[in-house]
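The values are calculated or read from the model by the stated rules, or taken from the named source; none is laboratory data. As the structure is a prediction and not an experimental result, all values here were calculated from the model. All Cβ positions, glycine included, derive from the backbone under ideal geometry; neighbour counts span all protein chains shown.
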Amino acid sequence: MATESSANTPPAEGGEGSGTPAEPVSAAAPAPTKSRAGRNLPAAIAVGGSLGVSIILILLFAPKIWYGVVAVAFAIATWEVTKRLRDGGFQVALWPLLIGGQAIIWSSWPWAQTGVLTAFAATVLILMVWMLLAQGIGRAPENYLRNLAASVFVLAWLPLLASFGAFMVVQDHGAARVATLMVVVVCSDVGGYAAGVLFGKHAMAPAISPKKSWEGLVGSLIVGTAGAICCVVFLLDTHWWVGAILGPVLVVCATLGDLVESQVKRDLGIKDMGTLLPGHGGIMDRLDSLLPSAFIVWAVLTALL
């Protein structure tokens, strides 16, 4: 869930990836209340709280609906990313990505990771042919390798990683596993934000995300690991040391997931992937750190439980 708000240093002037100073705000037209992360904080809290409550209710009373939530969220996220890439000059294949992405996510329910791998490989093959014939038979496609690589990247980045988050709900203690994913990512986000705002002075990766700091990462590690230990003890009823392993690994991967999306947006010269969620940006701006985290939680819990 973490976005640019995680592990903040005092924000640089201008939007991320813009490379230009922020415009002065007129005294006659005050700007909306924003955090040091550069977000509309009240809107961000309201949207984040509503999403959190909705997920909790689903996991408590109808956990199988989680599959539908993941499928819808990543259909929207795929559309957002595809649109941004097309605006940036990449001719990615929207329909194969949407349909293939749904196949990857839903096939994990009956066939687990075998279904995911089969659906992923089949969609890659379809993408190869689709991009080859996109401009018609007899015409050589332009930038074939570049556009195909971008399409496969989106397929692996979004639905492939998302399938691990969906599949956990049908495992033993599935709702608790998904809740662990969500709680630890939120703890990482909150710890990083608080430590970054209060103590952030040393930029972690200023060329990629100037608002992230090493102090924020330490805060994420502390709070995220504490959250992971609490989750594995009280939700999964297992040994505390499982959380001590899960927490740091997940926090590092969540932070790297943030940086990956930040670099993608920087390459495209944009601040957010979309505008659907006030105070957050698009759906994808809420999912960037969840994607690698879903795989990590699935892998660690599958190996250690």
Given the structure, is ALA150 surrounded by 18 or more Cβ atoms within 10 Å (Cβ to Cβ) and under 17 Å from THR78 (Cα atoms)?
yes
Looking at the stretch 268-276, can you tell me whether even one residue there is of a type outside the set (Lys, Arg), assigned to a helix (DSSP H, G or I) and at pLDDT below 95?
yes
Please enumerate the residues belonging to the stretch 107-134 that are farther than 17 Å from ALA156 by Cβ and free of Cβ contacts under 8 Å to residues at least 60 places away in the same chain.
PRO110, TRP111, ALA112, THR114, VAL129, LEU132, LEU133, ALA134
Residue match in the stretch 71-92 (condition: touching a Ser or Thr at 6+ places or on another chain (Cβ under 7 Å) and in contact (Cβ under 8 Å) with a residue 40 or more places away in the chain):
yes
Residue, surrounded by the most Cβ atoms within 10 Å (Cβ to Cβ), within the stretch 195-212, restricted to residues that are touching a residue at least 60 places away in the same chain (Cβ under 8 Å) and among the small types (Gly, Ala, Ser):
GLY196
Can you find a residue that is β-branched (Val, Ile, Thr), in a helix (DSSP H, G or I), more than 21 Å from the chain's Cα centre (by Cα) and surrounded by 16 or more Cβ atoms within 10 Å (Cβ to Cβ) anywhere in the stretch 106-125?
yes
Kindly check whether there is at least one residue in the stretch 53-66 that is under 17 Å from the mean Cα position of the chain (by Cα) and under 23 Å from LEU117 (Cβ atoms).
yes
Would you check if there is a residue in the stretch 16-39 being surrounded by fewer than 20 Cβ atoms within 10 Å (Cβ to Cβ), part of a loop (DSSP other than H, G, I, E, B) and at pLDDT 65 or above?
no
What tally of residues in the stretch 263-303 results from selecting those that are crowded, with 22+ Cβ neighbours inside 10 Å and polar (S, T, N, Q)?
2
Tabulated pairs, the stretch 222-247, first of a type in the set (Ser, Thr, Tyr), second outside any helix (DSSP H, G or I) and surrounded by fewer than 20 Cβ atoms within 10 Å (Cβ to Cβ), C-beta under 7 angstrom, 6+ apart or interchain
THR238/LEU305
Kindly indicate which of ASP172, ASP189 is surrounded by 24 or more Cβ atoms within 10 Å (Cβ to Cβ), acidic (Asp, Glu) and modelled with pLDDT under 95.
ASP189
Which condition does VAL251 not pass, out of (1) crowded, with 24+ Cβ neighbours inside 10 Å; (2) under 26 Å from GLY88 (Cβ atoms); (3) hydrophobic (A, V, I, L, M, F, W, C), if it passes all the others?
(2)
Please go through (1) touching a Ser or Thr at 6+ places or on another chain (Cβ under 7 Å); (2) surrounded by fewer than 24 Cβ atoms within 10 Å (Cβ to Cβ); (3) not in a helix (DSSP H, G or I) for LEU259 and return the number of the only condition it doesn't satisfy.
(3)
